[in-house]
Amino acid sequence: MIVVSVVYPHRPAARFDFDYYLQRHMPMVQQLLGHSLKGVRVDRGLSGAEAGSPPGFVAQALLLCDSVQAFQQAFGPVAARIMGDIANYTDIQPDIQFSEVALWDERQPGVSGWYANAQ
């Protein structure tokens, strides 16, 4: 599994319409990428490590796919449409990175502790 990280770095006075991003852009991305997209997560940057400091990023989307090739096959034909929509919600140029998933651990409700699944 791989993750495509789309990160929008914090820039003073930059514009980012989070409502548009969540309600229009990301649903469009999900629809256009179809079954090649195995999962998606969107984060909104709150602050840096020090209280009151600006976040390193305004927003990031993490797109989970089987492989880089699977993502590229799905993205290629619709890239212009997805990338062309960016101006509708931000003036920030996103950074994009492909990563291999080395560990993915999601906790289920009611499960606590690192060894909750141990036998």
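The values are calculated or read from the model by the stated rules, or taken from the named source; none is laboratory data. For clarity, every value in this text was computed on a predicted model and none was experimentally measured. Cβ placement follows ideal geometry from the backbone for every residue including glycine, while neighbour counts extend to all protein chains displayed. Just the protein is used for accessible areas: all its heavy atoms, side chains included, with ligands, DNA and RNA removed. Shrake-Rupley method; radii C 1.70, N 1.55, O 1.52, S 1.80 Å.
Return yes or no: is Val7 β-branched (Val, Ile, Thr), open to solvent by 20 Å² or more (accessible area, probe 1.4 Å) and either modelled with pLDDT of 95 or more or in a strand (DSSP E or B) (or both)?
For Val7, the condition - β-branched (Val, Ile, Thr), open to solvent by 20 Å² or more (accessible area, probe 1.4 Å) and either modelled with pLDDT of 95 or more or in a strand (DSSP E or B) (or both) - is met.
When you look at Arg41, is it farther than 17 Å from Asp66 by Cβ and of a type in the set (D, E, K, R), yes or no?
For Arg41, the condition - farther than 17 Å from Asp66 by Cβ and of a type in the set (D, E, K, R) - is not met.
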